[in-house]
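Participant: Here's a structure for you.
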Amino acid sequence: MDTHDRETLNGLARHEGWPAISIYLPVHRTGPDAQQDPIRLKNLLTSAAESLAGASMRTPEVDKLLASAWGIQRDPGFWREGFDGLAIFIGPEVFEVIRTSRSLPERMRVGPHFMLRPLLAALAPDMRFYVLGLSKKHVRLFEGTAEEIHEVDPEGIPQGLAEALKYDDYEKQVQFHSRTPAAAAGRGRRSAVFHGHGGTGETLKGDLFRYFRIVDGALKELLPADVPLVLAGVDYLLPIYREANTHASLLEEAITGNPDEEPAHVIHAQALELIEPLMSSGLRRAVSAFNEGRAGEHASADLRLIVPAAIEGRVDTLIVTDAETAWGSYDEKAGHMTLRSEPHNGDLDLLDRAAAQTLLHGGTVHVLGSEEARAATGTDAAALLRY
């Protein structure tokens, strides 16, 4: 797959059983480094094969397990499609490929669980938004997330000023002609006056307002009121649309310029600059809540409490660093945890396990760099607890 969704992430978080292979790679779109990307993936796959062989997996089994990954490594077309980060998850019945628009660290791990923190760090909080591209001739509607954007068929939305006003003008013509016989009978003739799409500035502004009210009315059937909407259009159109708008979550900032021929990826990048402050607001609220409540029973920086709480579904929000590893084991039946600086056979990355379990139980996970996490919370893992 090329995109992510909550169901896919939950499936990866839910996986248990060796071998679970996690491979991460930063990818370059152009330049000499781009030519090295397939080679670097080759090295990571070779390292994975050696790790599997070292655990006594037979060569035919290793080859079968890694066959699909080798296939994309050797496919020139795969590397030409344009992305900045690559994550591959491989298990006996699992093969997921996730390409991201944000870079990923180069890592490979074989264990009983997939390593998710690097991926979660690259994925901004799950926020959906729309972009409405307006011009006098076209209306374009896009649905986006932090990772992707796609153009939506704007069913029911007129394509341009002329189409929007055509029906309304037709109604006026019908009304005029319905009165024509009386006028022809001697009670006076009058000429029809039709709405033009040029003329004086006030006439044009009035027509644009009518056009945009029709667009706004159609959007009510398509967009949830709480989903952010970003406008894209030339400067003089935007204030007129704002007058006509009734969408509760229209952003104050807009993308300026003619959106008619703009590629989707360009609109996506421009929209993210406006949307990302909203996306980061959840992290700011979580940091504030943790620092205010860290002395109480609903916030904790103790990994010995956080891991079992995450497994039990009691972690609402987890702020965790991607730059550190906490090796150890946790016996759920005995409630006993062992922490070590170096991994022993069967040890887990408990920071990653806490993140995966929080995600799996519907919680929110914010993954930060080590310095950023410690500056925000003073620790490598901070949890807000449901109870």
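Participant: Using a probe radius of 1.4 Å on heavy atoms only, what accessible surface per residue do you get for the chain? Whole Å² is fine.
Facilitator: Ligands and nucleic acids excluded, the result is 51 Å² per residue.
Participant: Still on this structure: So what's the angle, to the nearest 10 degrees on a 0 to 90 scale, between helix 264-293 and the longest Cα principal axis of the chain?
Facilitator: Tilt of helix 264-293: around 60 degrees.
Participant: So what is the 222 nm mean residue ellipticity for the chain from helices alone, if each DSSP H run of at least 4 adds -39500 (n - 2.57) and you divide by all residues, rounding to the nearest 500 deg cm²/dmol?
Facilitator: Details: 12 runs with 164 residues, N = 387.
About -13500 deg cm²/dmol.
Participant: Here is a follow-up. Residue by residue through the range 370-387, what is 3J(HN,Hα) from phi via Karplus (6.51 cos²θ - 1.76 cosθ + 1.60, θ = phi - 60°)? Round to whole Hz and write x for glycine and proline.
Facilitator: 4, 5, 5, 5, 6, 5, 7, 10, x, 8, 7, 8, 9, 10, 9, 9, 6, 7
Participant: Percentage of Cα-Cα pair distances in the range 12-165 greater than 27 Å, rounded to whole percent?
Facilitator: The answer is 39 percent, as a whole percent.
Participant: State the Kirkwood hydrodynamic radius of the range 195-342 in Å, one decimal place, computed from all pairs of distinct Cα atoms. Write out the running numbers ahead of the final one.
Facilitator: Values: mean 1/r = 0.0492 Å⁻¹.
Over the range 195-342, the inverse of the mean reciprocal pair distance is 20.3 Å.
Participant: Right, next: Could I get the Rg over Rh figure for the range 25-66? Both from C-alpha atoms, Rh via Kirkwood, rounded to two places.
Facilitator: Radius of gyration relative to Kirkwood radius: 1.15.
Participant: Can you give the Rg to Rh ratio for the range 293-371, taking only C-alpha atoms and Rh from Kirkwood?
Facilitator: 0.95
Participant: How charged is the neighbourhood of S300? Take every other residue with its Cβ under 14 Å from the Cβ of S300, and add Lys/Arg as +1 and Asp/Glu as -1.
Facilitator: Every neighbour counted, the sum reads -2.
Participant: Where the eigenvalues come from the Cα gyration tensor of the chain, what are the semi-axes √(5λ) of the equivalent ellipsoid, largest first, in whole Å?
Facilitator: 55, 26, 17
Participant: For the modelled label position 7 Å from the Cα of M127 along Cα-to-Cβ, which residues of the range 271-303 have backbone nitrogen atoms closer than 11 Å?
Facilitator: 272-284
Participant: Let me ask something additional. Dividing the Cα radius of gyration by the Kirkwood radius, what Rg/Rh value follows for the range 67-131?
Facilitator: Radius of gyration relative to Kirkwood radius: 0.99.
Participant: Moving on to the next point. Using 5 Å bins from zero, what percent of all Cα-Cα pairs in the range 255-387 falls into each bin?
Facilitator: 2, 10, 18, 19, 17, 10, 7, 6, 5, 3, 2, 1, 0
Participant: So what's the net charge close to V152: Lys and Arg +1, Asp and Glu -1, counting the other residues with Cβ under 11 Å from its Cβ?
Facilitator: Details: positive: R140; negative: E143, E151, D153, E155.
Neighbourhood net charge equals -3.
Participant: Any idea what the dipole of the chain comes to, in debye rounded to 20, about its Cα centre with Lys/Arg Cβ at +1 and Asp/Glu Cβ at -1?
Facilitator: Working: 39 positive and 56 negative charges, 223 e Å.
The dipole magnitude comes to about 1080 debye.
Participant: Next up: Relative to the longest principal Cα axis of the chain, at what angle does helix 59-73 sit, 0 to 90 degrees, rounded to 10?
Facilitator: It is inclined by approximately 30 degrees.
Participant: Right, next: How would the range 299-345 be classified by its alpha-carbon gyration tensor: rounded, prolate or oblate, with rounded meaning a/c under 1.5 and the a/b versus b/c comparison settling the rest?
Facilitator: The shape class here is oblate.
Participant: What does the charge dipole of the range 1-106 about its Cα centre add up to, to the nearest 20 debye, if the Cβ of each Lys and Arg holds +1 and the Cβ of each Asp and Glu holds -1?
Facilitator: 160
Participant: Thinking of the range 233-287 as a set of Cα atoms, what percent of all their pairs are more than 12 Å apart?
Facilitator: 72
Participant: What residues qualify as long-range amide H neighbours of I255, i.e. H under 5 Å apart, gap of 5 or more or another chain, H built at 1.01 Å from N?
Facilitator: So I255 has HN proximity to L231, A232, G233.
Participant: When we measure straight from the Cα of K42, which lysines land under 26 angstrom away, once same-chain ones fewer than 8 places off are left out?
Facilitator: K42 reaches K64.
Participant: Which of T256, T100, A309 sits farthest toward the positive end of the charge dipole of the chain, with +1 on the Cβ of Lys and Arg and -1 on the Cβ of Asp and Glu?
Facilitator: T256
Participant: Further question on the same structure: Once phi is turned into θ = phi - 60°, what whole-Hz ³J(HN,Hα) does the Karplus curve with 6.51, -1.76 and 1.60 give for every residue of the range 39-47, x standing for Gly and Pro?
Facilitator: My calculation for the range 39-47 gives 5, 5, 5, 4, 5, 5, 5, 5, 5 Hz in order.
Participant: While we're here: What is the dipole size for the range 304-383, taken about its Cα centre, with +1 at each Lys and Arg Cβ and -1 at each Asp and Glu Cβ, in debye to the nearest 20?
Facilitator: The calculated dipole for the range 304-383 is roughly 260 debye.
Participant: Here's another thing I want to ask about it. Rounded to the nearest percent, how much of the accessible area of the range 235-384 (1.4 Å probe, protein heavy atoms only) is carbon and sulfur?
Facilitator: 47
Participant: Sorted by mean Cβ packing within 10 Å, highest first, what order do the peptides 341-350, 88-97 take?
Facilitator: 88-97, 341-350
Participant: Which one, S341, S329, L351, projects farthest toward the positive side of the charge dipole computed for the range 314-353 from Cβ point charges (K/R +1, D/E -1)?
Facilitator: My answer, from the dipole projection, is S329.
Participant: Rank-order 62-70, 144-152 by packing density, defined as the average count of other C-beta atoms within 10 Å over each peptide's residues, highest first.
Facilitator: Highest mean packing first, the order is 144-152, 62-70.
The values are calculated or read from the model by the stated rules, or taken from the named source; none is laboratory data. Worth saying up front: this structure is predicted, and the values here are computed from it rather than measured. So basically every Cβ, Gly included, is an ideal-geometry build from the backbone, and we count neighbours across all protein chains shown. Accessible surface areas use protein heavy atoms only, side chains included; no ligands, DNA or RNA. Shrake-Rupley method; radii C 1.70, N 1.55, O 1.52, S 1.80 Å.
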